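Peer 1: Sharing a structure with you now.
Bear in mind that the values in this text are calculations on the coordinates, not laboratory data. Quantities reported herein were computed from a predicted structural model and do not represent experimental measurements. Neighbour counts are summed over all protein chains in view; Cβ atoms, including those assigned to glycine, are modelled from backbone coordinates with ideal geometry.
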Amino acid sequence: MRIGFNPKRGKMVENEFFHQIVLPVYIPHEEGYFKDSFAILKICLNSLFSTCHNQTYFTIVNNGSSPKVRSYLESLYTSSQIHELIHTTNVGRVNANLKGIVGHSFKLVTLTDADVLFANGWQEATYKVFENFNSAGAVTPVPNSRMIKTLTGNVLIANLFSKKLKFTKVKDPKSMEHFANSINNFDLLKKVHLEKYLTITNNDIEAMLGAGHFVITYRDDVFQKVYKNTNYLFAGNSNDVFDIPVIENGFWRLSTASNYAFHMGNTLESWMDEKEINLKKNEEKVVMPKIEEQKINLFFNYLSIHFFSKILFKKPIWRLFLRWKGLTKAEAANY
């Protein structure tokens, strides 16, 4: 029997936050590959708590972790350091992210792995890219010049003849090299990748073309149509769930020109403690970034992705394009 009326009936959801962080955690034990993962998770979370403003909503998805990790995450929730804690069996990284996104409405959503060390100013730098590039749909605080041809066809074609699109000097080559080392791929970047990257400029704000996805912030428009689930636990074509919808909806994938986060991997190193010690508590009053709606010609966008960019990426034409945008003949041959 139901007596009376639910006092919440007809009430609207009140939301004092505009930026959500979704962080899946999978640490089944502390042996072998996962030996240092718990300690690295703590560094990751501490860096987030230090660098994020107070209008940030933290969602942690416990993706089948050990009882010890589960207890730690519950202590964070009980002490109100995080706002939402979701427990599940190991459903995979992407499905865990989907669980964190569904049921919410935030202007911006950051999906991050649990082995990222955030630096001060990463949110503000990300917001500047969104505010100055109306077509920005996904922005990472970790520039990687090797992403120049990864899901960037629509940006390249839209700005093909623009003088604002050109190669510029890499602002923080050491951090870019650090990423290559952190994934144990020392040959990822050639000398020219550490010297020059392709950027676009507007209102004196510079952004690099392309973006990785181990930490990336999306505008909410991207999630209007999301998958129910993916069958992959990790990698596979599962990245298409978030990456492809960005460009299919006509948005651009960009990176901040300077580096504002560090990939730690699964092994503790001394530099992590040094970076963490230098973090300062973010107590700035932040105004929600003004992200303009963009009228996008989806037909032209489709042609850019599936036709024009494929012509541009043909080796002879691509090398001519690279030289036109600022590389020497030798640099273009090695980029």
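Peer 1: Any chance you could count how many residues in region 56-106 are closer than 28 Å to Lys281 by Cβ, without any contact (Cβ under 8 Å) to a residue 40 or more places away in the chain and of a type in the set (Gly, Ala, Ser)?
Peer 2: The qualifying residues number 4.
Peer 1: Restricting attention to region 311-318, does a residue exist that is assigned to a helix (DSSP H, G or I), under 25 Å from the mean Cα position of the chain (by Cα) and in contact (Cβ under 8 Å) with a residue 12 or more places away in the chain?
Peer 2: Looking through region 311-318, none of the residues is assigned to a helix (DSSP H, G or I), under 25 Å from the mean Cα position of the chain (by Cα) and in contact (Cβ under 8 Å) with a residue 12 or more places away in the chain.
Peer 1: Another question, then. Quick check: anything in region 277-286 out of contact with any helix residue (DSSP H, G or I) (no Cβ under 8 Å at 6 or more places or on another chain) and either of a type in the set (Lys, Arg) or farther than 22 Å from Gly121 by Cα (or both)?
Peer 2: Checking region 277-286: at least one residue is out of contact with any helix residue (DSSP H, G or I) (no Cβ under 8 Å at 6 or more places or on another chain) and either of a type in the set (Lys, Arg) or farther than 22 Å from Gly121 by Cα (or both).
Peer 1: Please give the number of the condition Lys295 fails out of (1) over 30 Å from Glu16 (Cα atoms); (2) out of contact with any Asp or Glu (no Cβ under 8 Å at 6 or more places or on another chain).
Peer 2: All conditions are met except number (1).
Peer 1: Would you mind listing the strands (runs of 3 or more DSSP E) fully within region 93-183 where at least 1 residues are of a type in the set (Lys, Arg)?
Peer 2: Here the list reads 165-169.
Peer 1: Just to be sure I understand, how many residues within region 250-281 are assigned to a loop (DSSP other than H, G, I, E, B), in contact with a Phe, Trp or Tyr (Cβ under 9 Å, 6 or more places away or on another chain) and either of a type in the set (S, T, N, Q) or surrounded by fewer than 20 Cβ atoms within 10 Å (Cβ to Cβ) (or both)?
Peer 2: Count: 4.
Peer 1: Inside region 130-151, can you point out the residues that are among the polar types (S, T, N, Q) and closer than 21 Å to Ile296 by Cα?
Peer 2: Of everything in region 130-151, those that are among the polar types (S, T, N, Q) and closer than 21 Å to Ile296 by Cα turn out to be Asn132, Asn134, Ser135, Thr150.
Peer 1: In region 184-218, which residue that is basic (Lys, Arg) and not in a helix (DSSP H, G or I) is farthest from the chain's Cα centre (by Cα)?
Peer 2: Among those that are basic (Lys, Arg) and not in a helix (DSSP H, G or I), it is Lys190.
Peer 1: Here are the criteria: (1) surrounded by 16 or more Cβ atoms within 10 Å (Cβ to Cβ); (2) without any contact (Cβ under 8 Å) to a residue 24 or more places away in the chain; (3) among the hydroxyl-bearing types (Ser, Thr, Tyr). Tell me which single one Ser175 does not satisfy.
Peer 2: (2)
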